[in-house]
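The structure under discussion appears below in the form of structure tokens.
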Amino acid sequence: MPSLQFSFPNKTVVITGGANGIGKSIAEHFQNAGAKVAVIDKEIANGANFFFQGDIAEESVLREFAKQVVKKFDKVDFLINDASVGLAKKGILSDCSFDDFVYVQKVGVAAPYLLTQLFLPYFTKNAAVVNLSSTRAFQSQPDTESYSASKGGIVSLTHALAVSLAGMVRVNAISPGWVDTAGAKWSKADQKQQLAGRIGTPADIANMTLYLCSDAAGFITGQNFTIDGGMGKLMVYHNDFGWKFNPTT
């Protein structure tokens, strides 16, 4: 998908989870638009203007990262909270432990909160925060409680921050649906599940992120934008389109 044309010269963008997938695409799009990009991730991120390796579930890591960002750039224009644990920790059917559940919330909800708080004195005029949620904030598969709770939490945190920071920082969220981050080949049926006729790409999410940070979105705050190719609007019943529900019990 071609990128939209945005220009962010002299802007500083902070991105969590920018080493791979959607976060990496967002970082690349911002750099291509002229912004300075600071990334934090547990994995090495190549190409960022500033990279800090660390686990954002740790408060000390977040504080040191914020300190280094301010030292290098003096200001923050945009904060993109993309990092998440994914579905690895699972949920109640897999005996997801209390510590595992809390860890996912630290990464997905507590870290975005603390980073917003730490950067608050350094946000510039017309600053923006974009939080990456998921359609799993609104619909679930079995055994996904830890991830789903974190994504629901970040949506609620988004509108709460937008109210508290009114007149200072715009805060919005994006809830991606099915996004292919590995360049896989998908069947015709997989693609036709999406009303748009294809699987989503990281660029679909990156373009929306840049738009929400641009002056064109200056009247938008406190909102969550679902980008799922329309899949979440398609009602499917047993025996519809050859689909059969086979309950296990």
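With 10 Å bins from zero, work out the P(r) of the chain over every alpha carbon pair and list the percent per bin.
Reading upward from the zero bin: 7, 31, 37, 18, 6, 1.
Among Phe241, Phe52, which comes first, then next, by fewest other beta-carbon atoms within 10 Å?
Result, fewest neighbours first: Phe241, Phe52.
Hull surface divided by four, with the convex hull built on the Cα atoms of region 175-249: how many nm²?
Convex hull of Cα atoms, orientation-averaged projection: 7.3 nm².
Evaluate the Debye formula for region 133-190 with equal point scatterers sitting on the alpha carbons, no solvent, and hand back log10 of I(q)/I(0) at q = 0.17, 0.23, 0.26, 0.28 Å⁻¹, in q order, two decimals.
Each listed q maps to, in turn, -0.69, -0.93, -1.02, -1.07.
Based on the alpha-carbon gyration tensor of region 97-151 and its eigenvalue square roots a ≥ b ≥ c, which shape applies: rounded if a/c is under 1.5, prolate if not and a/b is larger than b/c, or oblate?
Oblate, since a/c reaches 1.5 and b/c is not below a/b.
Test of understanding: in a Gaussian network model of the chain with alpha carbons linked when under 10 Å, which of Lys151, Lys188, Lys42 would top the mean-square fluctuation ranking?
Lys188
Do you know the relative contact order of the chain, to the nearest whole percent, from alpha carbon pairs under 8 angstrom that are 6+ apart?
Reported relative contact order: 19 percent.
Can you list, bin by bin at 10 Å, the percent of alpha carbon pairs in region 1-142, starting at 0?
Cα pair-distance distribution for region 1-142, in percent: 11, 42, 32, 13, 2.
Scan the chain and note any complete DSSP helix (H) whose C-alpha atoms cover at least 24 Å along its axis and whose Kyte-Doolittle average is -1.0 or more.
Span-like helices in the chain: 145-164.
Can you tell which of Thr116, Thr181, Thr158 shows the greatest fluctuation in a Gaussian network model of the chain with Cα springs below 10 Å?
It is Thr181.
Springs between alpha-carbon pairs under 10 angstrom, Gaussian network model over the chain: which of Ser187, Ser133, Ser60 fluctuates most?
Result for the chain, Cα springs under 10 Å: Ser187 fluctuates most.
Please express the shape of region 110-212 as an equivalent ellipsoid: the semi-axes are the square roots of 5 times the eigenvalues of the C-alpha gyration tensor, given largest first in whole angstrom.
Output for region 110-212: semi-axes of 30, 17, 11 Å.
Quick note: the coordinates plus some simple rules give every number you see, no bench work behind them. What you see is a predicted model, and the numbers here were worked out from it, not measured in a lab. We place every Cβ from the backbone using ideal geometry, glycine too, and count neighbours over all the protein chains shown.
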